[in-house]
Amino acid sequence: MYNAKAYSATDEKSPLASTTIARRDPTPNDVQIEILFCGICHSDLHQVRNEWSGVMPTVYPCIPGHEIVGRVTKAGSDVTKFKVGDLAAVGCMVDSDRVCPECRQGFEQFCPNLTLTYNFPDKHTGGVTYGGYSDSIVVDQQFVLKIPANLDLAGAAPLLCAGITTYSPMHYWGVTKGKKVGVVGLGGLGHMGVKFAHALGAHVVLFTTSPNKKEDALRLGADEVVISRNADEMAKHAGSFDFILDAVSADHDINAYLGLLRRDGNLCLVGAPEKPLAVAAFNLLFGRRSLSGSPIGGIAETQEMLNFCGRHNITADVEIIPIQKVNEAYDRLLKADVKYRFVIDMASLKNEA
Ligand SMILES: [Zn+2]
Ligand SMILES: [Zn+2]
């Protein structure tokens, strides 16, 4: 074991603070990564504050962070994918059983024995996994991704969660040139959804409640912006969408969007509203429409997404902060006061004792 610097939460009420943690020494298949940037995902905040206690009770100290990019500092003797000095990235998963039907088909995200990047039982240490708000991490090479050299590293970090979460369902539901695609909500996820749908060649319509987001949406790649509170504007698009990506985590009426789908259209949820959503059955019956959900993506698909981003030069729009501002960033995240993802510059962790 070796010591790594990190920022941790010690209970659900205290702010995150500087700490030292023990990481495992790399085993033959492991890659040790110096973390350069780590994105702040809304789920970090949920877990730090134990807001998912029903599904995933938080174990303290909790070190969040699953949008990790950095550089390889050590490679185990059996590592073939990476060498010291290579850029590397880690997303929401660090291990799985690799033998179940899901893993065999490249759907590690659905593996019943998946290991998430933080706050999850760690078979190596007997404790829980520690995430990316740290100066280093050790991960099995199979769960480490390659970053195209042309991408801005800070902007690439959010691709590991926000990116794959929006890319995977678009890929699955066949978003391509000639399709009409809606994206609901222009936050961390939604802004990636707009970029991907645009790069895939679709006609992109962004739905928002905030008229002041219009300019940004157009800049990010939307062809049209609809103010969702305006019933007339909504009605103009009735029955016309092939696919709608719903990236809203707040309570909202999805029936308003289901009615905009054409025959066999699909609305996919990637946000997770706390309360159950009401669905009017007729909105699904008419037009054989469907409603789906999607979490992150498999490892191979995540690499494919990163390569796609490399070809199209896609990164997240980010606000880079030193780790000392992480608690302030959480407060701002709650007010949706970020364009569009906070990313921690991990060099700032060197200033901590
Ligand atoms: Zn995330
Ligand atoms: Zn599996």
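The values are calculated or read from the model by the stated rules, or taken from the named source; none is laboratory data. Quantities reported herein were computed from a predicted structural model and do not represent experimental measurements. Every residue, glycine as well, gets a Cβ built from its backbone with ideal geometry; the counts of neighbours run over all protein chains shown. Please note that ligands, DNA and RNA were not included when accessible areas were found on the heavy atoms of the full protein model with its side chains. Shrake-Rupley method; radii C 1.70, N 1.55, O 1.52, S 1.80 Å.
Can you confirm whether ARG288 is in a strand (DSSP E or B) and under 24 Å from LYS177 (Cβ atoms)? For ARG288, the condition - in a strand (DSSP E or B) and under 24 Å from LYS177 (Cβ atoms) - is not met. Scanning segment 92-116 for residues that are more than 8 Å from ligand 2 (Cβ to nearest atom) and closer than 19 Å to ARG24 by Cβ turns up MET93, VAL94, ASP95, THR115, LEU116.
With respect to GLY132, determine if the residue is more than 8 Å from ligand 2 (Cβ to nearest atom), under 28 Å from TYR2 (Cβ atoms), open to solvent by less than 70 Å² (accessible area, probe 1.4 Å) and outside any strand (DSSP E or B). Considered against the rule, which asks whether it is more than 8 Å from ligand 2 (Cβ to nearest atom), under 28 Å from TYR2 (Cβ atoms), open to solvent by less than 70 Å² (accessible area, probe 1.4 Å) and outside any strand (DSSP E or B), GLY132 comes out as yes. Given the conditions (1) surrounded by fewer than 17 Cβ atoms within 10 Å (Cβ to Cβ); (2) modelled with pLDDT under 95; (3) in contact with a Leu (Cβ under 9 Å, 6 or more places away or on another chain), and given that GLY271 satisfies all but one, which numbered condition is not satisfied? All conditions are met except number (1).
A Cβ distance below 7 Å, combined with a sequence gap of six or more or placement on separate chains, defines the contacts here; from segment 65-81, residues that are on the phi > 0 side of the Ramachandran plot reach residues that are part of a loop (DSSP other than H, G, I, E, B) and open to solvent by less than 20 Å² (accessible area, probe 1.4 Å) in the pairs GLY65/TYR118; GLY65/GLY131; GLY65/GLY132; GLY65/TYR133.
A quick yes/no check of all residues on (1) out of contact with any Asp or Glu (no Cβ under 8 Å at 6 or more places or on another chain); (2) surrounded by 16 or more Cβ atoms within 10 Å (Cβ to Cβ); (3) among the hydrophobic types (A, V, I, L, M, F, W, C); (4) outside any helix (DSSP H, G or I):
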site: ALA278; (1), (2), (3), (4): no, no, yes, yes
site: SER292; (1), (2), (3), (4): yes, no, no, yes
site: GLU304; (1), (2), (3), (4): yes, yes, no, no
site: ARG311; (1), (2), (3), (4): yes, no, no, no
site: ILE320; (1), (2), (3), (4): no, no, yes, yes
site: VAL326; (1), (2), (3), (4): yes, yes, yes, no
site: LEU333; (1), (2), (3), (4): yes, yes, yes, no
site: PHE342; (1), (2), (3), (4): no, yes, yes, yes
site: ALA347; (1), (2), (3), (4): yes, no, yes, no
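Checked against the criterion of being farther than 15 Å from ILE164 by Cβ, touching a His at 6+ places or on another chain (Cβ under 9 Å) and not aromatic (Phe, Trp, Tyr), segment 117-131 has at least one qualifying residue. Could you tell me whether any residue of segment 141-154 is away from ligand 2 (no atom under 16 Å from the Cβ), more than 17 Å from the chain's Cα centre (by Cα), of a type in the set (Val, Ile, Thr) and assigned to a loop (DSSP other than H, G, I, E, B)? Scanning segment 141-154, I find no residue that is away from ligand 2 (no atom under 16 Å from the Cβ), more than 17 Å from the chain's Cα centre (by Cα), of a type in the set (Val, Ile, Thr) and assigned to a loop (DSSP other than H, G, I, E, B), so the answer is no.
Taking residues in segment 8-35 that are without any contact (Cβ under 8 Å) to a residue 24 or more places away in the chain, and partners anywhere that are open to solvent by less than 20 Å² (accessible area, probe 1.4 Å) and among the aliphatic types (A, V, I, L, M), the pairs with Cβ atoms closer than 9 Å and at least 6 places apart or on different chains are ALA17/ALA9; THR20/ALA4; THR20/ALA6. The requirement of being within 16 Å of ligand 1 (Cβ to nearest atom) and at pLDDT 95 or above is not satisfied by ASP25.
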